[in-house]
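Structure record follows, encoded as structure tokens.
Please treat every number below as a calculation from the coordinates, not as lab data. As the structure is a computational prediction, the values presented were derived from the model and not from experiment. Note that we place each Cβ from the backbone using ideal geometry, even for glycine, and neighbour counts take in every protein chain shown.
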Amino acid sequence: MGKAKVKAKAKAKAKAEAEVKKMVRCDSCKGDCCTGIVLDIPKPRSLEDFENIRWYLYHEKTHVYIDWDGDWVVEMDLPCTHRDKRTGRCRIYDSRPPACREASSAECERNRDDARVRFRTVADYDRWLDGRRPAGRR
């Protein structure tokens, strides 16, 4: 391996280690993952499917995004009733459900943004749709 490749590899490793050090760990967080629900939804294929996305977005505190794998997701800002409002900690930690138990820092939204495209409003969604329609159908 040449010197340039060794240097590049060392630089990439150092960058990855720095990213891990910057990650927010669960034990130092205020329970951000407990402030909403994230559900996979089917990729829209029909006009009705696309209208259902609009329907989601008509609701307050509801967003839709397309992740980096092309999967569609609806996200609702609905805090868990067991999250302590003052500390952000879980009041039923020892008996928390599997979805909470399986959460990890590596998947935390504070450590990475899964959204390739995010729709916070119907207007965001309509602009995205307009950019995908053939020129004669806009």
Might you check whether a residue that is in contact with a Ser or Thr (Cβ under 9 Å, 6 or more places away or on another chain) and among the acidic types (D, E) occurs anywhere in segment 74-82? yes
Has segment 40-63 got any residue that is within 13 Å of the chain's Cα centre (by Cα) and either surrounded by fewer than 13 Cβ atoms within 10 Å (Cβ to Cβ) or more than 18 Å from R116 (Cα to Cα) (or both)? yes
So which of E102, E60, E51 ends up being acidic (D, E) and closer than 14 Å to Y125 by Cβ? E51
